[in-house]
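Down below is the structure, laid out as structure tokens.
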Amino acid sequence: MRAKDSATNNGTIAVGSSVGIDSGAGSAAGSGTGHGTGREGNRGAVLAGLGVLAFSLTFPSTAWGLESFGPWSLVALRTLLAAVIAGSALLLGRVALPDRRHRAGLVVVAAGVVIGFPLLTTLALQTSTTSHAAVVVGLLPLTTAVFSSLRTGARPPRAFWVAALAGAAVVIVFTVQQSGGELSGGDLYLFGALLVCAAGYTEGGRLARVMPGWQVVGWALVLCLPLAVAGAAVALPAEPVRLTAHGVIGLIWVAAGSTFLGLYVWYRGMAEIGVPRASQLQLAQPLLTLVWSFFLLGETVSAAAPAAALAVLVCIAATQRAGRARRPR
């Protein structure tokens, strides 16, 4: 696996495929308008959608992981395993160190997506069900779009914001209704996770316009390796470990699936269609999480789910159409 590691190399980025991101696409990614149309836009939407599918399994997998590990141990181990995978890929690809100007952004990605969101949501899932925790994901697309607008100057059209707000409202109403309308003790963790993850997604999407998405994920994980090793060394002796099949599978998925592979396709998709458009695909994530929670954890899902799913799909379609439209100069 060989990949170009600098924005100065505008040729094809080959990471197990021949798909490339050229400099023109990169410059447009932050605009949120007139970007990622045609075949490239479809490909970017598929990649981001695969990321959403991977992320939708994170909460159920974390709940499984908590059967075997304490919250601090689980976060340290998932980061450690993901960092080993990422570091191996970077070594095999003989990837040079990222440019100095990109390192601050990688720290934001590492702090928000690799450490902050997993830790805060894992702590929240000690007292919250996965369906209740899905509330934070229902707000994440809108929050990410707002962060992107502030950070990169993206200016999606008004129709985009109307559809995004409508989608967020549908998801919030549905998921709060599923949780009985009550706030749990873990909600402060969830709201904190929402903010740090939106910041990490925005910065990662910006960096993915100038370097391959898998390298954004890889370097962010490698930055966290010393913390992961130290955290595992402290947490494992302090927290009980009861190995079960569910616990091990949950740990492997959140490390390899959600943290590495999921973020790779997610950032690559954002680079092709822009952060605002990609973020709205996550409107489907809470509903997917509820499906997994029903099948994997035995949690109850109401008959309102199909209606909510249909409403969310309509909102997603509207945001994607509005995001592709060019605003008049």
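The values are calculated or read from the model by the stated rules, or taken from the named source; none is laboratory data. None of these values were measured; they are calculated from a predicted model. Positions of Cβ are backbone-derived with ideal geometry, glycine not excepted, and every protein chain shown enters the neighbour counts. With ligands, DNA and RNA removed, areas are computed over all heavy atoms of the protein, side chains included. Shrake-Rupley method; radii C 1.70, N 1.55, O 1.52, S 1.80 Å.
Observations, loosely collected:
- Residue in the stretch 139-153 that is farthest from L66 (Cα to Cα), counting only those that are open to solvent by less than 10 Å² (accessible area, probe 1.4 Å) and among the polar types (S, T, N, Q): S148
- When every residue of the stretch 260-274 is checked against the conditions, none turns out to be more than 16 Å from A48 (Cα to Cα) and modelled with pLDDT under 90.
- Yes/no for L283 being part of a helix (DSSP H, G or I), surrounded by fewer than 24 Cβ atoms within 10 Å (Cβ to Cβ) and not aromatic (F, W, Y): no
- Pick from the stretch 169-187, criterion modelled with pLDDT under 70 and among the small types (G, A, S), ranking: nearest to L123 (Cα to Cα): G185
- In a residue-by-residue description of the stretch 228-242, the property of being assigned to a helix (DSSP H, G or I), in contact with a Gly (Cβ under 9 Å, 6 or more places away or on another chain) and buried (at least 18 other Cβ atoms within 10 Å of the Cβ) applies to at least one position.
- The single condition among (1) over 29 Å from S88 (Cβ atoms); (2) touching a residue at least 24 places away in the same chain (Cβ under 8 Å) that A193 does not meet is (1).
- Residues (within 20 Å of I85 (Cβ to Cβ), in a helix (DSSP H, G or I) and touching a Ser or Thr at 6+ places or on another chain (Cβ under 9 Å)) located in the stretch 198-227: V217, L221, C224, L225, L227
- Scanning the stretch 88-136 for residues that are over 25 Å from F147 (Cβ atoms), in a helix (DSSP H, G or I) and polar (S, T, N, Q) returns S88, S131.
- If you go through the stretch 79-138 and pick out every residue that is crowded, with 22+ Cβ neighbours inside 10 Å, touching a Pro at 6+ places or on another chain (Cβ under 6 Å) and closer than 20 Å to L66 by Cβ, you end up with 4.
- For the stretch 301-322, a residue qualifies if it is over 23 Å from the mean Cα position of the chain (by Cα) and free of Cβ contacts under 8 Å to residues at least 24 places away in the same chain, and the qualifying residues are A303, P306, A307.
- Among the residues making up the stretch 194-213, those that are open to solvent by less than 10 Å² (accessible area, probe 1.4 Å), within 12 Å of L106 (Cα to Cα) and over 11 Å from the mean Cα position of the chain (by Cα) are L207, A208, M211, G213.
- The stretch 243-264, subset aliphatic (A, V, I, L, M), out of contact with any Pro (no Cβ under 8 Å at 6 or more places or on another chain) and surrounded by 22 or more Cβ atoms within 10 Å (Cβ to Cβ), residue farthest from A220 (Cα to Cα): L251
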